[in-house]
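*Asks:* My structure is below; once you've seen it, I'll send some questions.
The values are calculated or read from the model by the stated rules, or taken from the named source; none is laboratory data. Being a predicted model, the structure only gives us computed values, none of them experimental. For neighbour counting, all protein chains shown are included, and Cβ atoms are generated from backbone atoms with ideal geometry for every residue, glycine included. To get the accessible areas, we keep the full protein, side chains included, count just its heavy atoms, and leave off ligands, DNA and RNA. Shrake-Rupley method; radii C 1.70, N 1.55, O 1.52, S 1.80 Å.
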Amino acid sequence: MKLQIINGPNLNLLGQREPDVYGRRTFEDYLDELRRAYPDVTIDYFQSNCEGALIDKIHEAGFQCDGIVLNAGAYTHTSIALHDAIKAVTAPVVEVHISNVHSREPYRRQSMIAPACLGVVCGFGLDSYRLAVEALTKK
Ligand code: DQA
C-alpha cells in the first residue's frame, strides 16, 4: 500500500511554530515514527506553502497512490481550488488537523475541503496523522 501525506502552509515550521498549539516536535521526527509503525505501507511526504503546488501534488499522487492524508493548513478554510482538486482524483483523501479547529477561532470551523474528503480527523495532535493512516489502511 502506498499513501501520500501532504502538508500545507506553515506546517514546515512544526516544532517552532506556536508550540502551545502545535507541539514541539518536527514533522520529520514524527514521520520516522509513523513509518516505523507501518512497515508495510510506503508513506511519501510533501509540504508546500503554495496553493498551486499542493494542487499539483494532489493531481500527481491522486491517481497513483491508495490514499492521501491532507493537512491543508489555512487553505482548508478558503480554498475551493483544493476542494476541486480532491474531487478530481481517484484516491480517497482524509483531511487532518493537529489542533481541534472547532475549539478555536470561528473562521477555523469552516472547511472548504471536508465535503470532498472521505473523512476528517482533528484535535489529536500529530497523532491525527496516524489515525488518518489507520483509516486509509482499512479502506
Ligand atoms: C491546522 C489548523 C488550521 O486552522 C491552521 O491554519 C493550520 C494548522 C492544524 O493542523 O491544526 O495551519 O491545519
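*Asks:* For the chain, max minus min Cα coordinate along each principal axis, in Å, sorted largest first?
*Replies:* Result, largest extent first: 35, 34, 24 Å.
*Asks:* Another question, if that's okay. Any idea of residue 130's accessible area? Nearest 10 Å², probe 1.4 Å.
*Replies:* 80
*Asks:* Counting only residues 5 or more places away or on other chains, whose amide H sits under 5 Å from the amide H of residue 122 once H atoms are built in the peptide plane?
*Replies:* HN-HN under 5 Å from residue 122: 97.
*Asks:* Note down the accessible area of residue 139, probe 1.4 Å, to the nearest 10 Å².
*Replies:* 150
*Asks:* Quick check for me: using +1 on Lys/Arg Cβ and -1 on Asp/Glu Cβ, what's the dipole size of segment 2-138 about its Cα centre, in debye to the nearest 20?
*Replies:* Details: 13 positive and 17 negative charges, 52 e Å.
Dipole about the Cα centre, nearest 20: 240 debye.
*Asks:* To continue, here is another question. Per residue, how many Å² of accessible area does the chain show with a 1.4 Å probe? Let's see the in-between values first.
*Replies:* Numbers: 6810 Å² over 139 residues.
With all protein chains present, the chain gives 49 Å² per residue.
*Asks:* Mind checking which lysines have their C-alpha under 18 Å from residue 2, skipping anything on the same chain fewer than 8 residues away?
*Replies:* 57, 138, 139
*Asks:* Within segment 7-27, find all residues whose amide N lies under 13 Å from a label point positioned 7 Å from the Cα of residue 78 along Cα-to-beta-carbon.
*Replies:* Counting backbone N atoms under 13 Å from the label point, the list is 9-10.
*Asks:* On to the next question. Roughly speaking, to the nearest percent, how much of the chain's 1.4 Å accessible area is carbon and sulfur? Could you put the intermediate results ahead of the total?
*Replies:* Working: 3390 of 6810 Å².
Looking at the chain in its full context, I get 50 percent from C and S.
*Asks:* Something else about it: What does the extension gain come out to for residue 17 and residue 32, with contour length at 0.36 nm per residue minus their alpha carbon separation? Could the numbers behind the result be given before it?
*Replies:* Values: separation 15, 0.36 × 15 = 5.40 nm, distance 2.00 nm.
Extra length available between residue 17 and residue 32 comes to 3.4 nm.
*Asks:* So for the pair residue 2, residue 131, with labels modelled 7 Å out along Cα→Cβ, what separation do we get in nm?
*Replies:* Roughly 2.9 nm, to one decimal.
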